[in-house]
Amino acid sequence: MKAWELRGFGRENLVSAERPIPKPGPFDVLVRVSAVSLNYRDRLLVEGLYNPDLKFPMIQVADTVGDIVEIGEGVSRVRVGDRVLTQYATTWIDGPPKGDETVHTLGNTIPGGLAEYVALNENVVVRAPQYLTDEEAATLPVAALTAWFSLRDQGRLSRGQTVLVHGTGGVSLFGLQIATALGARVLITSSSEEKLERARVLGAHAGINYARNPEWEHEVLKHTGGQGVDHILEVVGGKNLAKSIAAAKPGGQISVIGILDGFSSEIPLFPLLNRQTVIRGIVTGPRRAFEELNQYLENLKLRPVIDTVYPFDAALAAYDHLYRGAFGKIVIRVRN
Ligand SMILES: NC(=O)c1ccc[n+]([C@@H]2O[C@H](COP(=O)([O-])OP(=O)(O)OC[C@H]3O[C@@H](n4cnc5c(N)ncnc54)[C@H](OP(=O)(O)O)[C@@H]3O)[C@@H](O)[C@H]2O)c1
């Protein structure tokens, strides 16, 4: 089968390869891959910043959709013919993560989906929402689950509350769509006026250009009558977290998700104490939350925002797009 594998850190080591079709074990399913989507994490993996101990060669990419074409004799959760998605944290089923439950992921500790086939334990797959195309479904496992788990599952976001999302990448646009669907009012930041306009069309109440307004937290306060927002998806990290604390309402929640501006943050404690801000670390979500999200999407028929779909042979161009930054998701079509 054709696959894209990483043979060493650096984009120049992401190469097209011919590999044997994997054989499913007794509790495994063989998935014929239709499409995958990229996340910022895939870039961190290539650069050696996600897992410095990665074993090479490693077939890349976590977010995968495809059809089950073969099952082991012990498989009972799914059947041949099911169209399935991959659960990102492959062994995390429910409850707070225990031990290494957030560590095992496709393209990292086990081969990923950027290949014609992938063999996975039956526990790693969930049925894909039927109304979505393959390309749309492929966008869900990391970005949509992270936004859902932060806002709804852990955050208990409710109608009438306010949400701030940073930038117009995958997690943030799902955050915008899910929060809007839940009846919240969403503020969004971006470095691009054109992207802010597109976000308004998707339902954003207000857009703030963080490149032109480095003190964007004051703009958030202006848009919320001086109050701040109820919930923030903090995908930026670094120096941004302190500003997010200033932009949150007293008692507001910040889901700390990403590290676009750095892996560590210094935060002033007095504002945090005075504002009683709740800061919660997030790592995607367990399979139980992913299944609930997919059911919610099935009822709502929400359509993921895809920037560009690339053919399999143009996977490197898709990665280049990831490095430039997309509006929403970048997808690679694997099966023609
Ligand atoms: N903890 C978890 O479970 C989890 C899950 C998913 C993602 N993440 C992390 O969350 C972050 C976002 O991931 P993603 O896949 O959504 O990324 P992405 O789709 O690649 O989004 C990148 C976008 O972020 C925006 N951005 C970059 N620097 C920014 C800054 N300083 N301030 C505001 N926005 C900025 C830009 O939007 P504009 O072009 O509009 O400016 C850029 O296009 C990454 O750090 C990723 O590792 C963590």
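In a reduced charge model with +1 at each Lys and Arg Cβ and -1 at each Asp and Glu Cβ, the chain shows a dipole moment near 660 debye about its Cα centre.
What size of dipole, in debye to the nearest 20, comes out for the stretch 55-171 about its Cα centre when the only charges are +1 on Lys and Arg C-beta atoms and -1 on Asp and Glu C-beta atoms? Each step should come with its number before you reach the end.
Numbers: 9 positive and 14 negative charges, 103 e Å.
Its charge dipole is roughly 500 debye.
3J(HN,Hα) couplings calculated from phi for the stretch 94-104 with the Karplus curve 6.51 cos²θ - 1.76 cosθ + 1.60 (θ = phi - 60°) are, in sequence order, 6, x, x, x, 10, x, 9, 5, 9, 8, 8 Hz; Gly and Pro show x.
Kindly point out which whole DSSP H helices in the chain project their C-alpha atoms 15 angstrom or further along the helix axis while averaging a Kyte-Doolittle hydropathy of 0.0 or above.
170-181
Each of Ser255, Tyr88, Leu106 was scored by the projection of its Cα onto the charge dipole of the chain, and the greatest displacement toward the positive side belongs to Ser255; charges sit on the C-beta of Lys, Arg, Asp and Glu.
Taking amide H atoms as placed 1.01 Å from N in the peptide plane, the amide H of Ile232 lies under 5 Å from those of Leu164, Gln253, Ile254, Ser255, each 5 or more residues away in sequence or on another chain.
Full extension of the chain segment joining Asn274 with Leu202 gains 22.5 nm, where the gain is 0.36 nm per residue of separation less the Cα-Cα distance. Helical runs (DSSP H, four residues minimum) scored at -39500 (n - 2.57) apiece and divided by the length of the chain put the mean residue ellipticity at 222 nm at -7000 deg cm²/dmol.
Count the net charge of all other residues whose Cβ sits under 9 Å from the Cβ of Leu30, scoring Lys and Arg as +1 and Asp and Glu as -1.
Numbers: positive: Lys23, Arg32; negative: Asp28, Glu70.
Its environment carries a net charge of 0.
Summed over all non-identical Cα pairs, the Kirkwood treatment of the chain gives a radius of 20.2 Å. Simple rule: put +1 on each Lys or Arg Cβ and -1 on each Asp or Glu Cβ in the chain, find the dipole, and look at Gly285, Leu269, Ser150; the Cα lying farthest toward the positive end is Leu269. Around the Cα centre of the stretch 144-281, unit charges on the Cβ atoms of Lys, Arg, Asp and Glu (plus for the first two, minus for the last two) sum to a dipole of about 360 debye. Karplus-derived 3J(HN,Hα) values for the stretch 152-167, using 6.51 cos²θ - 1.76 cosθ + 1.60 with θ = phi - 60°, are 9, 5, 8, x, 6, 4, 10, 3, x, 7, 10, 9, 10, 10, 9, x Hz; glycine and proline are entered as x. Here the peptides 56-68, 38-50 are ranked by packing, the mean other Cβ count within 10 Å, and the order with the highest first is 56-68, 38-50. Qualifying GluC sites (Glu not before Pro) in the stretch 261-336, where qualification requires a DSSP coil assignment and no more than 13 other C-beta atoms within 10 Å, comprise Glu266.
Each value in this text was obtained by applying a stated rule to the coordinates, not by laboratory testing. The structure presented is a predicted model; accordingly, all values stated were derived computationally and were not measured. Neighbour counts run over all protein chains shown; Cβ positions are idealised from the backbone, glycine included.
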